[in-house]
Amino acid sequence: MSTTTTDPDTASVGVQTAQKLGLRPEEYDRIKKILGRTPNFTELSIYSAMWSEHCSYKNSIKQLKTLPRSGPKLLAEAGEENAGLVDIGDGWACAFKIESHNHPSAIEPYQGAATGVGGINRDIFTMGARPIAQLNSLRFGDITKEQSSRWHMRGVVKGIGDYGNAFGVPVLGGEVYFDPCYTTNPLVNAMSVGIVRADKVISATSHGVGNPVFIVGSATGKDGIHGASFASKDISETSTDDLPAVQVGDPFMEKLLLEASLELAQTDAIIGMQDMGAAGITCSTSEMSAKGGAGMDIQLDKVPTRQSGMRSWEILLSESQERMLVVVKKGREAEVQAIFEKWDLNCVEIGTVTKGGNIRFFHGEECVAEVPAESLVLGGGAPVYVRESKEPAYIKENARFDINKIEEPDDLRRVAYDLLASPNIASKRWVSEQYDTMVRTNNMSTNAPSDAGLVLIRETGKGLALTVDCNSRYVFADPYKGAMIAVSEAARNIACTGGEPCGVTNCLNFGNPYDPEVYWQFEQVIKGMGEACRAFDTPVTGGNVSFYNHTVTEKRNIPVFPTPTIGMVGIVPDITKRMSLDLKFKGDLIFLLGQNVEDIACSEYLVRHHGVERSPAPYFDLEEERRLHTMLLILIRKGLINAAHDISEGGLWTTLVEMALPRGLGFDVITDSEIRPDAFLFGEAQGRAIVTVNEDEEIDFLDLMRVSRIPFVLLGHVTKGKLMVDDSPFGTIEDARKVYEEAIPNAMREL
């Protein structure tokens with residue numbers, strides 16, 4: 001390769017430049033050894049992006065490889081394609097993935113969230129799958145106190161809604177949590193799910209010397225340059241200086257790109273296709289080449305650009321949205337170009353597949369960079385680290401929690417209604433009403449709410465049950481147990497809907513990995529997640545690690561709670577036997593399934609009412625969870641229950657209210673005299689669910705439960721609209737509705 005010293009892009013550079021680009025001195029030395037020479041600025045920029053935490057997972061990959069990565073329904077090796085892929089029967093496959101867009105959303109909430117939605121949908125349709133559902137998991141600061149948190153929430157929700165609604169895929173579900181640790185670092189995790197014929201899946205690979213390489217979709221601009229590096233450092237007082245790193249999305253362009261890509265997928269004209277996400281052209285060319293064991297020659301001056309005079313490294317690292325790289329079979333170019341011309345999209349040949357493993361980037365006649373593809377990618381030449389870890393002192397402090405030192409409240413009703421007003425428990429309708437949930441008309445859970453979102457697969461008559469779950473307060477209290485709870489709650493939600501879990505995608509949100517306490521949290525989470533996923537036979541198909549969600553200022557050094565968001569997919573074999581959570585008939589019997597435990601640890605009640613933030617994670621037993629899920633499926637398929645809802649945040653009280661709200665019914669229940677009433681009503685012990693049973697089915701239900709080894713108790717019955725606890729009036733369902741539904745709108749009306 002020839003370089004000159006007159007052009008700073010191709011001039012040799014030193015260790016100080018490498019450090020400014022986010023590389024460590026030892027990494028700079030490693031690059032020189034790989035290349036056998038000193039890199040130029042463009043090459044160093046390539047390595048700085050591809051060896052960033054966001055792209056290389058250099059501080060996490062060793063742990064990630066311990067997660068279960070195989071299973072009976074898995075069709076693609078975990079992490080090897082744009083998204084996970086599982087067999088859903090009848091010749092169909094489900095592609096699904098969750099990813100974060102946290103840092104961009106912290107700086108520019110609207111575009112940060114919008115482009116997160118766009119990027120995750122492209123991961124699905126580049127595999128030839130049509131997206132049929134979206135979910136999201138969001139975390140913000142205290143919206144009742146912080147104006148900045150309300151600003152974040154308004155921008156993020158509007159960005160997700162505007163992009164997703166225009167793109168035309170329904171939002172099936174999600175979660176929203178609030179805590180002061182997310183004030184500066186909101187978390188925006190977006191999940192997309194699609195279906196594809198199993199024999200029509202497109203791989204993200206490149207091979208065949210002489211095959212042409214095309215860039216398709218939008219033109220390339222200066223938005224998103226060094227976005228991967230931006231996502232790989234803490235948020236600080238100067239982070240707004242990185243605002244140009246936030247991408248700008250165009251959902252209408254993406255809709256065209258979707259239809260063109262799916263039309264292309266019906267041909268056999270292509271070798272492989274990959275979304276241009278983090279690090280743009282650099283990432284897609286290197287990953288596709290490394291996977292296929294080939295090289296590429298790329299002509300950067302042929303890339304359609306929005307601005308004139310873009311430098312080589314700017315074109316290479318731009319993260320402009322709605323773009324993909326396609327490797328086409330030689331001789332089929334005209335066929336591919338005709339498809340994209342029909343949809344009025346760019347489709348420009350910018351290179352060819354070459355022999356060997358090097359990628360060469362040209363600008364005119366000059367080779368501006370030449371690097372081995374394998375040296376850039378995860379699992380190849382990218383560095384792998386295990387950081388120092390240290391158990392935080394607060395873990396032992398949590399273990400000293402004693403429920404007997406917590407005073408029982410005099411007025412349980414007042415506490416109950418105050419919990420319904422907590423933003424963590426209150427209705428998220430303010431959010432969901434901004435999303436289109438009914439586009440494509442295959443959402444089965446809009447008018448029949450269920451613990452997991454449910455989408456009909458019209459081609460087979462089956463249903464897909466989809467959920468995202470994580471209580472990060474539990475994970476902070478005990479990362480190992482908290483991660484197991486996150487996986488278990490996801491599986492429980494799918495079981496309550498009538499589905500069998502078949503795969504997991506995860507979004508692992510943590511602080512700075514160089515903080516030993518943060519790294520310890522990460523290691524423990526991976527252990528807990530792996531154990532739970534093996535228990536439920538749900539392989540981890542891929543996902544995303546987001547480190548550096550960490551605020552550093554002169555006055556603050558605060559990581560977010562460790563937040564391993566679990567996205568889970570399950571199959572409902574017979575859509576007519578799905579289960580919803582709503583109470584349906586006055587007089588139905590209400591049963592609690594699972595252990596009755598005197599436990600208020602880590603509950604919203606303990607934190608909100610008593611102000612106690614140091615306690616262990618709530619009661620949890622993995623084997624009890626498995627038995628509960630199996631029994632729920634048996635009860636549903638035998639038609640013995642009319643409703644099912646898992647007990648989670650807010651405890652039994654909140655669960656019952658949520659079940660009563662859809663049809664305006666009520667309940668009359670009795671607490672356990674051997675357990676203090678606040679723990680019975682508001683405790684968040686895991687492995688429990690509420691089911692309702694028609695009196696005509698009671699005998700069959702009881703016969704089955706008595707041989708199940710699952711504790712169960714009759715709580716009471718469904719009423720017309722009054723809420724009664726231990727023969728004391730707790731108001732009406734309309735009283736509860738007013739508090740539950742107005743809490744977040746009232747908070748968001750504050751300036």
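The values are calculated or read from the model by the stated rules, or taken from the named source; none is laboratory data. No experiment lies behind these values; they were computed from the predicted model shown. Note that we place each Cβ from the backbone using ideal geometry, even for glycine, and neighbour counts take in every protein chain shown. With ligands, DNA and RNA removed, areas are computed over all heavy atoms of the protein, side chains included. Shrake-Rupley method; radii C 1.70, N 1.55, O 1.52, S 1.80 Å.
One table, with the values for the structure above:
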item: Spin-label proximity, D537 to region 621-650 - amide N less than 20 Å from point 7 Å beyond Cα toward beta carbon; result: 622-638
item: Summed side-chain charge close to C367 - residues other than C367 whose Cβ falls under 11 Å, Lys, Arg +1, Asp, Glu -1; result: -4
item: Mean Cβ neighbour count within 10 Å, used as a protection proxy, ranking 62-69, 275-282, 414-421 highest first; result: 275-282, 414-421, 62-69
item: Whole-percent carbon and sulfur share, accessible surface of the chain, 1.4 Å; result: 48
item: Cα-based reach from K32 at 20 Å (exclusive), listing lysines while leaving out same-chain residues under 8 positions away; result: K20, K58
item: Added length on full extension, which subtracts the Cα-Cα distance from 0.36 nm per residue, R197 to A334; result: 46.8 nm
item: In degrees, nearest ten, helix 280-292 long axis to first principal axis of the chain (Cα); result: 90
item: Spacing of the two label points (7 Å from each Cα toward its C-beta) at D142 and K342, in nm; result: 5.7
item: Solvent-accessible heavy-atom area per residue, rounded to whole Å², over the chain at 1.4 Å; result: 35
item: Simple spin-label estimate for N746 and S673 in nanometres, 7 Å along Cα-Cβ; result: 3.7
item: Nearest-0.05 FRET efficiency for R414 and F252, computed from C-beta distance (R0 56 Å); result: 0.65
item: Inter-label distance for T576 and E391, nm, one decimal - labels placed 7 Å from Cα along Cα-to-Cβ; result: 5.5
item: 19 Å reach of a label modelled at S308, 7 Å along Cα-to-Cβ, counting backbone N of region 340-382; result: 364
item: Crossing angle, helix 733-748 versus the chain [Cα axis fit, 0-90 degrees, rounded to tens]; result: 30
item: Full-extension gain in nm, W151 to K20, via 0.36 nm per residue minus C-alpha separation; result: 44.0 nm
item: Straight-distance crosslink candidates among lysines, where the alpha carbon sits under 24 Å from K586 and sequence neighbours closer than 8 are dropped; result: K577, K638, K720, K722, K738
item: Reach of K342 by Cα under 13 Å, taken over aspartates and glutamates that are not fewer than 8 positions away in the same chain; result: E259, E263
item: Accessible surface ranking that places the most exposed of S286, S203 first, with a 1.4 angstrom probe; result: S203, S286
item: With eigenvalues of the C-alpha gyration tensor scaled by 5 and rooted, region 263-386, Å; result: 23, 18, 14
item: Helix 479-497 axis, angle to the chain major axis (alpha carbon atoms, nearest 10°); result: 70
item: Residue-count net charge about W430 - beta-carbon cut-off 12 Å; Lys, Arg +1, Asp, Glu -1; result: +3
item: Estimated Rh, the chain: Kirkwood, alpha-carbon pairs, angstrom; result: 26.6
